[in-house]
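Asker: Here you go, one structure.
Where a number appears in this text, it was derived from the coordinates with a stated rule and is not lab data. Not measured: the values here are computed from a predicted model. Here Cβ is always computed from backbone atoms with ideal geometry, including for glycine, and neighbour counts include all displayed protein chains.
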Amino acid sequence: MSRLRVAISFGPGPGGWEESLAFAREAERLGVDSAWTSEAWGFDAVTPLALLAGQTSRLRLGTGILQAGTRTPALVAMTALTLASISGGRFILGLGSSGPQVIEGWHGIPFRAPLQRLRETVEIVRLAISGERLTYSGNHYTLPLPGGEGRPLRTSAPPAPVPIYLATLGPRALEVTGEIADGWIASSFMPTRARPFFDAIRRGTERAGRSLEDFDVVAGGVVAFGDDLERLIAPRKPGFAFEIGAMGSREHNFYKDAYARQGYAELVERVQALWLDRRREEAAALIPDAFVLEANLLGTDAMVRERIRAYRDAGVTTIQVAPEGTSLGERLETLGRFMDLVEAVNAEPPPASAGPSR
């Protein structure tokens, strides 16, 4: 069994970019493996990594995620090659489809056949970064454009190997992830209930003649230490209510559906209904304590260590954490404490079984 790696998120945060850079530099010194950016309808996921590349030397840098449908595949490839070049080969391209609320509401692009569009984007990016001439015929993208003056072009940048990870949630999308990606960026994830995710990914890897053992799985949550569980749990509940109630429409909410497949179907229906009825405090109050504990790494050192083992045994290879703290010093203290626990778990003899998901 491979050693667990640790990842962090990178964004401006309450202390601005300078504080985030200081946190990332110290995280690198503590042995954190990678830092990930995201985008929704605020900051983009690419520019912060260019900043971080110049401030670090070992930390791997990933987009978690780049909204694939908002850029042409060739532009995605150009971005990947640029970040791979300026980071000295440390870049990971994380892609996802986002959802109709963002793609149609913010970008004004129809959210049609997102999975096929994502697959074609990966295929074209791989062609481009390998240095091949771009000749491609798909359902959504055809290169060169028929009937025009375009010619098959080859990148003028040096080709470079760039790992491609996908952020997916539905069963069909997870199968495609296992088939074509180098890793999976999980969300709405509970390690002890993760079999539906891994079963689907495994079907994809087997279809492609690949092994799940060579597949990187990035998942995690908030890490916070303390004996007072109520203090640690209560602030997390509104965020889960928002995820279930607001991050999608009544008809399409991929996050809510993911929790439903993990055994919370009745609960998430009730939470969403309350949220959409603007009874948001009631929606948050419905979230059970156990729900919060299952999706994060909270409690005493012993409790957090057990949560680390749960992620490892489920099949997670990289634990992405958001360390709690009201100041930079507190967040770094939490991260350092967590890193010590990960090292302790990595030093343990491997379990007799890799768990039901792996």
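Asker: Using alpha carbons only, how many degrees (0 to 90, rounded to 10) separate the axis of helix 301-314 from the longest principal axis of the chain?
Answerer: It works out to around 40 degrees.
Asker: Give me the distance between the Cα centres of the stretch 286-305 and the stretch 186-205, rounded to whole Å.
Answerer: The two parts, judged by their Cα centres, are 19 Å apart.
Asker: Same structure again: What is the distance, in nm, between label points placed 7 Å from the Cα along the Cα-to-Cβ direction at L145 and at T326?
Answerer: Result for the modelled spin labels: 5.6 nm.
Asker: For the stretch 92-146, report the translational diffusion coefficient in µm²/s to the nearest whole number, using Stokes-Einstein at 10 °C, 1.306 mPa s, and a Kirkwood Rh over Cα pairs.
Answerer: 128 µm²/s
Asker: Could you tell me what a quarter of the Cα convex hull surface of the stretch 206-275 works out to, in nm² with one decimal place?
Answerer: Here the figure is 7.4 nm², rounded to one decimal.
Asker: If you don't mind, another one. Go through the stretch 242-290 and name the GluC sites (Glu not before Pro) that are in a DSSP coil and have 14 or fewer other Cβ atoms within 10 Å of their Cβ.
Answerer: E251
Asker: With r defined as the distance between the Cβ atoms of E19 and S137 and R0 fixed at 41 Å, what FRET efficiency is calculated, to the nearest 0.05?
Answerer: Between E19 and S137 the formula returns 0.30.
Asker: Quick one: if you stick a label point 7 Å off each Cα along the C-beta vector at T47 and A344, how many nm between them?
Answerer: 4.2 nm
Asker: Count the DSSP beta bridges whose two residues both fall in the chain, then state the antiparallel fraction as a percent rounded to the nearest 5.
Answerer: 5 percent
Asker: How high is the relative contact order of the chain? Use alpha-carbon pairs under 8 Å, at least six apart in sequence, and give a whole percent.
Answerer: Details: 622 pairs, mean separation 60.4, N = 358.
Taking the mean separation of contacting Cα pairs over the length of the chain, I get 17 percent.
Asker: Working out 0.36 nm times the residue gap between D289 and T192, then minus their Cα-Cα distance, what length gain in nm do you get to one decimal?
Answerer: 33.4 nm is the gain from fully extending D289 to T192.
Asker: Now for a different question. Please give me, ordered by residue number, the GluC sites (Glu not before Pro) of the stretch 57-154 that lie in loop per DSSP and have at most 12 other Cβ atoms within 10 Å. Intermediate values should be presented prior to the final figure.
Answerer: Working: sites: E104, E120, E123, E132, E149; in loops: E132, E149.
Here the GluC sites (Glu not before Pro) that fit, given the DSSP loop and packing criteria, are E149.
Asker: I want to check the label-to-label distance for R231 and S130. Put each point 7 Å from Cα in the C-beta direction and report it in nm to one decimal.
Answerer: 5.5 nm
Asker: Angle check, please: helix 195-207 long axis (alpha carbons) against the longest principal axis of the chain (alpha carbons), in degrees 0 to 90, nearest 10.
Answerer: Its long axis makes an angle of about 30 degrees.
Asker: Further question: Hey, what's the Cα Rg ratio for the chain versus the globular rule of thumb, 2.2 N^0.38 Å?
Answerer: 0.99
Asker: Step by step: find N for the stretch 276-358, compute 2.2 N^0.38 Å, then divide the Cα radius of gyration by it. What's the final number?
Answerer: Working: Rg = 15.8 Å, N = 83, 2.2 N^0.38 = 11.8 Å.
My calculation over the Cα atoms of the stretch 276-358 gives 1.34.
Asker: Treating only the Cα positions of the stretch 109-233 as identical point scatterers, give the base-10 log of I(q)/I(0) from the Debye formula at each q in 0.18, 0.19, 0.20 Å⁻¹.
Answerer: Scattering profile of the stretch 109-233, log10 relative to I(0): -1.03, -1.09, -1.15.
Asker: Using DSSP to call loops (not H, G, I, E or B), can you name the trypsin sites (Lys or Arg not before Pro) in the stretch 247-356 whose Cβ has at most 11 other Cβ atoms within 10 angstrom?
Answerer: R250, R278
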